[in-house]
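What follows is a short report on a single structure.
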Amino acid sequence: MAVVLLSLAACSSAPVRKGAGAPPVQRHWPQVVPSNPAAANSVLMRALGLVGTPYRYGGNTPDGGFDCSGLVSYVYRDVLDIQLPRTSSALAGVQGPKIDPIRLAAGDLVFFGSRGSVSHVGIYVGEGRFVHAPSSGGTVRLDHLDGYYWRDHYSGAKRVLN
């Protein structure tokens with residue numbers, strides 16, 4: 001029973017619904033130039049290269065699979081040698097400026113949750129899209145912040161790259 005509860009609690013808060021990844025209303029997402037474009041590009045290329053990697057609770061390598069925070073931690077450590085916390089809630093507490101959604105730049109971390117708690121994290125890539133490892137049985141994928149589930153559970157963003 002505990003294993004079932006753990007698998008449901010970790011980075012898997014998005015229900016699987018037909019059309020859940022499609023944006024119902026597309027906002028205009030301004031292009032914000034990152035303060036370090038080269039670092040942001042490296043983060044994006046590595047994260048996008050991992051699309052299709054299987055989800056695995058507690059996973060933090062391409063060979064073993066990823067959960068949401070494992071993906072974020074791996075990408076930043078692999079390309080920039082930046083050590084980040086291992087859980088989505090700890091990542092949300094990382095020191096750094098909180099970012100208004102219209103000021104998101106490539107490489108920012110985007111957070112999701114409900115009732116004041118963070119339960120999921122992804123890497124913003126631009127144009128209202130982010131890379132993340134969403135759920136058991138799934139794979140690392142690209143989704144829209146305006147998607148049905150993500151729009152309603154968005155809880156903020158942090159800038160890691162200075």
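Shape summary: region 68-110 maps onto an equivalent ellipsoid whose semi-axes, from the alpha-carbon gyration tensor, are 18, 12, 9 Å in decreasing order. Binning all Cα-Cα separations of region 37-89 at 10 Å, short to long from zero, yields these whole-percent fractions: 28, 56, 16, 0. Summarising the label geometry, the points placed 7 Å from Cα in the beta-carbon direction at Ile102 and Arg115 lie 3.3 nm from one another.
Bear in mind these aren't lab numbers, they're just calculated from the coordinates by the rules spelled out. In this text, all values refer to a predicted model and were calculated from it rather than measured experimentally. Ideal geometry is used to build each Cβ from the backbone, glycine not excepted, and the neighbour counts take in all protein chains shown.
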